[in-house]
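Below: one structure, written as structure tokens.
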Amino acid sequence: MRKNVIAGNWKMNMTPSETKAFITDLAPMVKGMDKCDIVLCVPFVDIATAVEAAKGTNIHVGAENVHFAESGAYTGEISAAMLKEIGTEYVVIGHSERRQYFGETDATVNLRTKTALKAGLKVILCLGEVKEQRLAGITDEVVSMQTKLDLAEVSAEDLKNVIIAYEPVWAIGTGLTATPEQADETCGVIRATIAKLYGAQAAEDITIQYGGSMNDGNAKELLAKVNVDGGLIGGASLKTDKFTTIVKAAN
Ligand code: PGA
């Protein structure tokens, strides 16, 4: 039985001192909610503080990106080894904001994924269609293609450390949520693609989250769907009470 994973994606929010205060507040609120994994993906400079504050709790810490090279002349970038050494467990790769504003492509998403896995990080791989693609009726083709390209050359063994976050781009930060049926259906298409690539068991085992305006009001319905194994949460992960309600729904 695969576990739900509820992951916050803080984006460019929260300073280290705010991070410490947030986790100190959140930890007692989610204590004992062990039927799902709880992850906070935070800005690079907040990671060390988050790891320290989360020690001894059921909260895991992730980064929001990682570079695809192991080291070298990439001014301003952060490597997987750097993340690993300071206690980072997860990393978000291929978020639509990275694809939209920073030129991220399926090719670089694939490189980053392989580098992160090699370093022993767990990957939260984001993919999803834009509005025009949904309206054109090609959502299934788009997510299936992204799944194949983003996971190219990732072994079945490494796939065990991959979570896929299905995030329809039109639903991110917009207040528009995919209906539970849409989320279930498209997560199902991704699962079927995994089955083709890695076999039925791998498809059964992989965690596929929904993300895009998931909040304390709609999480329960979305998470009730058979193909939705958790959420990647932006806005609603910045408030401890809202985030706790989502974790509760996943439990
Ligand atoms: P949102 O963001 O919950 O604010 O829509 C989700 C995400 O970007 O992962």
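The values are calculated or read from the model by the stated rules, or taken from the named source; none is laboratory data. Since we're looking at a predicted model, the values are computed, not measured. Cβ placement follows ideal geometry from the backbone for every residue including glycine, while neighbour counts extend to all protein chains displayed. In case anyone asks, the SASA skips ligands and DNA or RNA and just uses the protein heavy atoms, side chains included. Shrake-Rupley method; radii C 1.70, N 1.55, O 1.52, S 1.80 Å.
Each 10 Å bin from zero holds the following percent of Cα-Cα pairs in region 95-174: 18, 51, 26, 5.
The label point for Lys55 and the one for Met145, both projected 7 Å from the Cα toward the Cβ, are 4.8 nm apart. Annotation: extensible slack from Lys248 through Ala200 equals 14.3 nm (criterion: 0.36 nm per residue apart, minus Cα-Cα distance). As an exercise, use a Förster radius of 22 Å and the Cβ-Cβ distance of Phe102 and Thr174 to find the FRET efficiency, rounded to the nearest 0.05. So, using R0 = 22 Å, E works out to roughly 0.65.
Remark: region 1-107 projects, on average over all directions, an area of 8.0 nm² (convex hull of Cα atoms).
Two-decimal Rg/Rh of the chain from alpha-carbon positions, Kirkwood Rh? Expressed as Rg/Rh, it is 0.94.
Put a plus charge on the Cβ of each Lys and Arg, a minus charge on the Cβ of each Asp and Glu, and nothing anywhere else: the dipole of region 1-125 about its Cα centre is then about 400 debye. Spin-label model, Phe44/Thr75: points 7 Å from Cα along the beta carbon direction are separated by 1.4 nm.
When each of the peptides 120-130, 105-115 is scored by how many other beta carbons lie within 10 Å of its residues on average, the order from highest to lowest is 120-130, 105-115. At 37 °C and 0.692 mPa s, grab the translational diffusion coefficient of region 147-251 from Stokes-Einstein with a Kirkwood Rh over Cα pairs, rounded to a whole number in µm² per second. It diffuses with D of about 233 µm²/s by this estimate.
Carbon and sulfur atoms: what percent of the 1.4 Å accessible area of region 210-251 do they account for? So the carbon and sulfur contribution to the accessible surface is 46 percent. For His67, the solvent-accessible surface computed with a 1.4 Å probe is close to 10 Å², ligands and nucleic acids excluded. Here the dipole of the chain is about 360 debye; that uses its Cα centre as origin and unit charges on the Cβ of Lys and Arg (positive) and Asp and Glu (negative). The residues of the chain expose on average 45 square angstrom of accessible surface per residue, using a 1.4 Å probe on protein heavy atoms.
Only lysine pairs 8 or more places apart, or on different chains, with alpha-carbon atoms under 27 angstrom apart are counted in region 74-220, and they number 23. Using a probe radius of 1.4 angstrom, the carbon and sulfur fraction of the accessible surface of region 54-130 is 55%.
The length gained by stretching the chain between Met12 and Lys31 to full extension, at 0.36 nm per residue less their Cα-Cα distance, is 4.2 nm.
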